[in-house]
Amino acid sequence: MRSRSIAAPERPPPGKWTVAVIVGMGVFMATLDASIVNISMPAIAHYFHVALSGPVEWVIIAYLLVISVLLLTFGSAADRLGHKPLWLLGLLGFTGGSALCGAAPSLGLLVLFRAVQGIGGALLMAISPTLLTEAFPPTERGLALGFNAIMVSLGVSIGPTLGGILTARLSWRAIFYVNLPIGALAALATAIVLRRTKPPAHRPFDAIAALLLGLGLGLVDLGLSLLRHWHLASWRFWLTIGGGLAALVLFVLHERRRLDPLLDLALFRDRVFASATASLVLSFIALFAVSFLCPFYLEELRGFSSEQAGLLLTPLPVTIAVVSPFSGALSDRIGSRLLCSVGLAFATAALLLLGSWNARSPVWAIESVLVCAGIGQALFQPPNNSALLGAAPRDRQGMASGVLATGRVAGQSLSVAVAGAVFGVLGGARAGRILASRTVEAARPALERTFLHAYHAAFYVCAAIAAIGVFTSLVRPSRP
């Protein structure tokens, strides 16, 4: 009698919220490390006996630069190779890079290990939205991405607070070691719980496009990052920026001739996709400046410690965490146009109010403005992310996720460059350093005026950028 083999029952897919928690841990780590280092830079510079301006800045730049260069490439690769293996590789790479950063014996190796972290962070940021949209039904996409926006916003906003506490109580190395238990748990859960989805038929990888895109984004980011050391008329600045723009033009020309491009430019023919991408970049240029500049105001002008300054910034992430799920769920019912426009209008108002702070503004007024900024971000991000991913075909979800994450990181980099340039050119950075020394009481009123003039101007520029984002949100169809 012939024996009959009995097929093992197929393992049921993991619950949607199980996937959301796993994704949330990875996203939180990757976005946290975009901001947690900022407040620890003085401690790192002191440890390695270097000036605060100079090579030590590459501890920040290397991470963001590698991420912005690789995001789109990894998003496209995920569509070809499957999402689970690359997500797991990202978790292992990021966690391993964190351990190496915490143990770095020299500044040069710390910068190198931050680049390793950036490779893992790029994988996590590029793939996370796609994992969520696969786990949740289309009618709950906004809710899922609202949860993702919480993790992104918490990572970006909590960075200064957590970094200040860990550096003050332990060491600057602790800001990297804090990732190890989270990363190990997320990697274990990924290996056990997540199922590997079958990727579509194999498609050739466009190495030329990846090289041109990486070179273009890398040179543009490099030029903007070094603008504070060069000057606007410097031939090095224009050669770097010009080379980057030329590479990006060649990338576009190359992709237009490809049947299976790394970045399908046809995505941008969709008005919703183009509008959501433009609004995303503008929002991060405008709003990342809050986390970047407010510590200078609180510590240098007002005299708060780094730990106190971090705690004073907590209304921003708390507000985002509370409001984001509601805005994401509401966008599933009414679409993204109204919510995104209202959110960026709130953000514009908050940035204008930030530009009205003085040296004696009460703490309750500061907290109120941060709540307003948090409401603006929470109303905007989940609906906009949902619209962007919803406008892309299913076989281009990894590519769309890469566009989303690239826009976010590019916006953060540009925010630091734009706000930092305005603040520095108008004398705010120099005045802040002198005020922080607490040895110039006679000249303090003049220094405060210089600081506040530069500080206000930087936020007025950011408010103008957010206002443009209101317009780019309004031009999309009323219900994508």
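Each reported figure results from applying straightforward, stated rules to the coordinates on display, with no laboratory input. Note that the structure is predicted; figures quoted are calculated from it, not measured. Don't worry about glycine lacking a Cβ; one is built from the backbone with ideal geometry, like all the others, and counts go over all protein chains shown.
Site pair Val363 and Ser106 shows an inter-label distance of 4.5 nm when each label is modelled 7 Å from Cα along Cα→Cβ. Computed from the Cβ-Cβ distance with R0 of 45 Å, the FRET efficiency linking His46 to Val252 stands at 0.50.
Starting from 0.36 nm per residue, how many nanometres of slack lie between Ala464 and Ile192 once their C-alpha separation is accounted for? The partial results should precede the final answer.
Values: separation 272, 0.36 × 272 = 97.92 nm, distance 4.76 nm.
That works out to 93.2 nm of additional length.
Quick check for you: which residues of the stretch 289-303 have the amide N under 20 Å from the point 7 Å beyond the Cα of Ala421 toward its beta carbon? The answer is 289-294.
Using only the Cα atoms of the stretch 361-439, build the gyration tensor, take square roots of its eigenvalues as a ≥ b ≥ c, and label the shape rounded, prolate or oblate: rounded if a/c is under 1.5, else prolate if a/b is larger than b/c, else oblate. Can you show the working numbers first?
Numbers: a/c = 4.77, a/b = 1.92, b/c = 2.48.
Here the stretch 361-439 falls in the oblate category.
Taking 0.36 nm per residue of sequence separation and subtracting the Cα-Cα distance, how much length would be gained by fully extending the chain between Arg169 and Arg269, in nm to one decimal?
Working: separation 100, 0.36 × 100 = 36.00 nm, distance 5.16 nm.
Value of the extension gain: 30.8 nm.
Each residue of the stretch 179-192 was assigned a 3J(HN,Hα) from its phi angle through the Karplus curve 6.51 cos²θ - 1.76 cosθ + 1.60 (θ = phi - 60°); the sequence is 6, 4, x, 5, x, 5, 5, 5, 5, 5, 5, 4, 5, 8 Hz, with glycine and proline shown as x. Distance from the alpha carbon centroid of the stretch 402-422 to that of the stretch 151-187 works out to 21 angstrom. Looking at the square roots a ≥ b ≥ c of the eigenvalues of the Cα gyration tensor of the stretch 206-261, which shape do they give, rounded for a/c under 1.5, prolate if a/b is larger than b/c, or oblate? The shape class here is prolate. Counted residue by residue at 0.36 nm each, then reduced by the alpha carbon distance between them, the extension gain from Ser305 to Arg449 reaches 49.7 nm.
Of Leu265, Leu447, Leu354, Leu287, how do they rank once you tally other Cβ atoms within 10 Å and put the fewest first?
Working: Leu265 12, Leu447 20, Leu354 25, Leu287 30.
By the 10 Å Cβ count, ascending: Leu265, Leu447, Leu354, Leu287.
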